[in-house]
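The values are calculated or read from the model by the stated rules, or taken from the named source; none is laboratory data. From a predicted model like this one, the values you see are computed outputs, not experimental measurements. For neighbour counting, all protein chains shown are included, and Cβ atoms are generated from backbone atoms with ideal geometry for every residue, glycine included. The area values use the complete protein model at the heavy-atom level, side chains included, leaving out ligands, DNA and RNA. Shrake-Rupley method; radii C 1.70, N 1.55, O 1.52, S 1.80 Å.
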Amino acid sequence: MSEKKNPYSVETTGHVWDDNLGELLNEPPTWWRIGFHASWIFVVLYTIIYPSWPLIDTHFKGVTGWTSIKEYKEDLKEIETVRAKYEDKLPGMSAAAILADDELSNYVVRSAKVLFGDNCAACHGTGGAGNPGFPVLADDVWLYGGTIDAIEQSIVNGRKGIMPKMGGMQLSDVEINKLTAAIVDGTVTSEPLYMEKGCVACHMPDGKGMAAMGSANLTDGIWRFAPGTAESVKYTIKHGVNDASDLLTRKAEMPNFSGGKLTEVEMKKLAVYVHKLGGGQ
Ligand code: HEC
Ligand code: HEC
């Protein structure tokens, strides 16, 4: 710091206001001058190094040729190199083998999140949480089985469970009510109609369904069709599922994703992703 000077010993600009008010001609402090010069030197160097001044039909490109697009592309290349380490392995591996490899499956889960959002979440909900009429994929209840292979098959070939309508000729309203009550109670296998009317053929003697045909478990109190319980059970029994002979039948179709909609690698990634949502077996 410079010493404080007696104001009367410093020269003034010579201009006097209000009889005795003058402006001193002190030099600006050193720190201020260093800052001032450093900042204009910085500006000049910056405009030489980086793209800057507008010219008539272009602009000065800067001596280093830096552009933000170039920087972005270089960053992208770096990411691609990291990805390639994993992506190169995927085509030659089965979904089960990918799942068995911790590092690879962690990578796949991260990269399949967007694929799931773009292709599956509209029906199955964000993170596979389910939507009315569309199965939850994040639990361990499965129509077609929760093995990695079964999940992959669901994606590659699609699924369309078929249950014939049972209303009208096959079952009276009283019978439908009996079956409905037993299903809601979780005791359908001890209801004689279950055997007599052939439900057992698809829903199996234990009432838990068969993965090969996606016949739902009727004993677990978890409902495939919203809102669940009596009314919707009754509706399913009456009108069936995907039964083309009944206009009111429930529609339940998982589209297939082969044939160009998704690549094989993408489908494998999604199978691993779904398996890892929590309910894979
Ligand atoms: C247009 C709606 C729709 C889209 C899109 C869709 N699904 Fe499905 N998915 C369904 C329906 C409906 C079912 C149940 C089929 C049935 O009940 O027979 C299903 C069933 C499944 C199953 C079997 C579930 C089980 O319990 O066994 C899996 C796995 C599955 N979907 C995964 C996916 C994945 C992964 C995607 C994205 C690539 C996807 N789905 C996209 C409607 C859809
Ligand atoms: C030909 C095989 C078949 C027969 C016979 C059959 N079902 Fe089904 N049922 C299915 C399939 C497949 C589904 C699941 C459909 C889907 O989700 O795509 C299903 C679903 C259901 C559901 C819906 C469950 C839920 O969680 O919402 C109920 C209820 C049901 N069946 C009751 C019965 C009863 C009662 C009978 C006998 C009167 C019967 N089914 C006979 C194949 C059958």
Checklist outcome for this item: At the level of C-alpha centres, the distance separating region 1-58 and region 119-158, in angstrom, is 70
Next on the checklist: Based on C-alpha coordinates, I'd like the Rg and Dmax of region 1-66, in Å.
Outcome noted: 21.3, 60
Checklist entry - So how many Å³ per residue does the convex hull of the Cα atoms of the chain work out to? => result 357
Checklist entry - Modelled label-to-label distance, Met93 and Thr13, 7 Å Cα→beta-carbon offset: nm? => result 7.6
Checklist outcome for this item: Once normalised by the length of region 1-66, the mean sequence separation of its alpha carbon contacts under 8 Å that are 6 or more apart gives a contact order in percent of 18
Next on the checklist: Leaving out ligands, DNA and RNA, and with a 1.4 Å probe, what % of the accessible surface on the chain is carbon or sulfur?
Outcome noted: 60
Item to check | Residue-normalised accessible area of the chain, expressed per residue, 1.4 Å probe, Å² | outcome: 65
Item to check | Cα Rg over Rh - region 60-189, Kirkwood | outcome: 1.24
Item to check | Convex hull volume per residue in cubic angstrom - Cα atoms of region 130-206 | outcome: 132
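Note down the relative contact order for the chain as a percent, whole number, built from C-alpha pairs under 8 angstrom at least six residues apart.
Over the chain, the number comes to 21 percent.
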Next on the checklist: Taking a cut-off of 19 Å, what percent of all Cα-Cα pairs in region 173-239 are separated by more than that?
Outcome noted: 20
